[in-house]
1. Please count how many residues of segment B:32-48 are open to solvent by 40 Å² or more (accessible area, probe 1.4 Å) and in contact (Cβ under 8 Å) with a residue 12 or more places away in the chain.
2. Name the residues in segment B:125-173 that are among the polar types (S, T, N, Q) and in contact (Cβ under 8 Å) with a residue 40 or more places away in the chain, would you?
3. Looking at (1) at pLDDT below 90; (2) surrounded by fewer than 16 Cβ atoms within 10 Å (Cβ to Cβ), can you tell me which one residue A:188 breaks?
4. Only one of B:120, B:148, B:202, B:153 is within 14 Å of chain A (Cβ to nearest Cβ), surrounded by 14 or more Cβ atoms within 10 Å (Cβ to Cβ) and not in a strand (DSSP E or B). Can you tell me which?
5. Would you kindly identify the helices (runs of 4 or more DSSP H) lying entirely within segment A:108-206 that contain at least 1 residues that are closer than 30 Å to residue B:147 by Cβ and either more than 14 Å from chain B (Cβ to nearest Cβ) or aromatic (Phe, Trp, Tyr) (or both)?
6. Which is assigned to a helix (DSSP H, G or I), in contact with a helix residue (DSSP H, G or I) (Cβ under 9 Å, 6 or more places away or on another chain) and open to solvent by less than 40 Å² (accessible area, probe 1.4 Å), of A:34, A:76?
7. Failed condition for residue B:128, given (1) open to solvent by 20 Å² or more (accessible area, probe 1.4 Å); (2) touching a Lys or Arg at 6+ places or on another chain (Cβ under 6 Å), with all others met?
8. Restrict the check to segment A:202-216 and report whether at least one residue is in contact (Cβ under 8 Å) with a residue 24 or more places away in the chain, among the polar types (S, T, N, Q) and open to solvent by less than 10 Å² (accessible area, probe 1.4 Å).
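The values are calculated or read from the model by the stated rules, or taken from the named source; none is laboratory data. Small disclaimer: the values here were computed from a predicted structure and weren't measured. For neighbour counting, all protein chains shown are included, and Cβ atoms are generated from backbone atoms with ideal geometry for every residue, glycine included. Just so you know, the surface numbers come from the protein's heavy atoms only, side chains and all, with ligands and any DNA or RNA stripped out. Shrake-Rupley method; radii C 1.70, N 1.55, O 1.52, S 1.80 Å.
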Amino acid sequence: MRRRLLFAIAILVISAWLLLLELVGDDLGRLGNGFDNLLVFFEESLWPPDWSVLEARSYPKCEEGVELFCSVAWIGMVETIKIAFIATAFGFVGALLLSAFAAKNLMPLWLNIPARIILAAMRSLPSIIWAILFVIVIGFGPLSGVLAMTFYTVGYLGKLQYEAIEGMDNSPLEAGRAMGLRSDEIMIGIVIPETSNHLLSQLLFMFEYNIRHGTVIGIVGAGGIGYYINMYLKFLQYDKVIALLLIIFLVVVLIDLLSMAARSFVTEDGDVKRPSWFTVLRSPTKAASHHHLDESE
Amino acid sequence: MPTAAQQSDKRLLLTTQNLSIGYGKPLVSAMNIEVRAGEIISLLGPSGIGKTTLLRTIAGLVSPLAGEIKSKVAKRGGIGYIPQRLGLTRHASVAHNVELGAKVGLPWALPFKRAERDQRVLSAIKSMGLEEKMREPVRRLSGGQQRRVATARTLAQRPNLILADEFLGELDATNVALVLDAVNRLVAQGSAMIMVEHHEERAREIADRIWRIVDGKLLEEVVEVAVEKVVE
């Protein structure tokens, strides 16, 4: 079994390598120089990050008590988080409605197919393309960003949600149907609580995803921190760009921690003993005996 | 033990004509059965012979292959189905699950009926001895407790016809008595029950009639009761 698995992985990697050679040809040699270029770029332009992005802008005049609140990083990040939050909230509700129609175990095929086509259409354009479209239609600013992200969120989250719904246990659905519960009662009373773990983790993932993409859609003028990143890129101020990127990274990590805490309400983790660092570092048998000791306490 | 005359007096809930069931090819065919209010029927037979399929067909989850079912049972709230895996919403609380039963049992859930619904939920939970677990998610309960939750849901629903798939399965003697007592009370009030059983002895103790699936046919037997059955 193990040998067959290794063989399969080897074939996969080799065929991908051959494809790569065919695709890029001699360009592969440039990788060697690439690393030197990266070092130079890093030393001369990127490092150290220019933390002046955390200081108040010279114009307009800062009227807040704390200087940070007038800084480029704060203003951009807050706007990005606002856009992401609104888009995730609206997108979640829209996705939940559409995914109920798209799930094969809830609705008949003649409703599944149109719902899936709508979701696929909304998902097939990345949020940056939606943003460009909305900027053309309604102009620059956060409203275009919100609309672009909401559209993409519905398409992407809807697919994750109907797959989670289709993966749920059939038995509560059958009991509910036999009892004579209406479709909306089955959705609210059975499907949502039963898939809550997936729904919540997908919701938080989407929020984080939208924050990361807030940086991209800003580049086409749809608001948020991406607007400033784009500006600094144009003026070749890469040290300011990297400072902003590090701040985004920090926010993403924070949201990930937050989502871990939020999900612990609905996962079954609480029922099982969580491994501690102490037991992870020890051998499995020793770790097991540690847990047993705990139980007898 | 009701006499034959009394038996025919009881309200007819469901009849079938030449019913054939199965998925694609028939498992059991040409069934002409009737179910009356106030009786318990045990369904016996080895695994995979079509017992669950019969319950699911009566519950309206599977279409019959041939023949028809004439049912006087209400579409909403008339059938209480306890599948083998109990059909509980595991991530929701005990109270939430029982409330789903009360919701279909009291079809007009108008605001002034709210108190009545809550009352039903509470008394069903109490009669199954689950007051202290009311707010806990079902997944944290033991197998036996989960079976009691499924019973409480059916109690709150008060359906005309209970379809139970091996639901006494892994219960201990005390819990079997508790659950059967509750079911008997519902049956005394005019519900009927069809239950899949594996223990023939237990089936004879509980049921008024036994249905046995043999070679794709349903055979019926009326249980002769030596000792009078205790019904409240």
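1. Quick first cut of segment B:32-48, residues open to solvent by 40 Å² or more (accessible area, probe 1.4 Å) only: B:32, B:34, B:46-48.
Narrowing the set further to residues that are in contact (Cβ under 8 Å) with a residue 12 or more places away in the chain leaves B:32, B:34.
Of the residues in segment B:32-48, 2 are open to solvent by 40 Å² or more (accessible area, probe 1.4 Å) and in contact (Cβ under 8 Å) with a residue 12 or more places away in the chain.
2. If we filter segment B:125-173 for residues that are among the polar types (S, T, N, Q), which is where we start, we get B:127, B:142, B:145-146, B:151, B:154, B:157, B:160.
Passing the criteria: B:127, B:146, B:151, B:154, B:157, B:160.
3. Answer for residue A:188: the failing condition is (1).
4. Working: B:120 fails: within 14 Å of chain A (Cβ to nearest Cβ); B:148 fails: within 14 Å of chain A (Cβ to nearest Cβ); B:202 fails: within 14 Å of chain A (Cβ to nearest Cβ).
Residue meeting the stated conditions: B:153.
5. Numbers: elements: A:109-124, A:127-138, A:142-166, A:170-179, A:183-186.
In segment A:108-206, the matching helices (runs of 4 or more DSSP H) lie at A:142-166.
6. On the way: A:34 fails: in contact with a helix residue (DSSP H, G or I) (Cβ under 9 Å, 6 or more places away or on another chain).
Sole residue among the options that is assigned to a helix (DSSP H, G or I), in contact with a helix residue (DSSP H, G or I) (Cβ under 9 Å, 6 or more places away or on another chain) and open to solvent by less than 40 Å² (accessible area, probe 1.4 Å): A:76.
7. Of everything listed in (1) open to solvent by 20 Å² or more (accessible area, probe 1.4 Å); (2) touching a Lys or Arg at 6+ places or on another chain (Cβ under 6 Å), residue B:128 misses just condition (1).
8. Checking segment A:202-216: at least one residue is in contact (Cβ under 8 Å) with a residue 24 or more places away in the chain, among the polar types (S, T, N, Q) and open to solvent by less than 10 Å² (accessible area, probe 1.4 Å).
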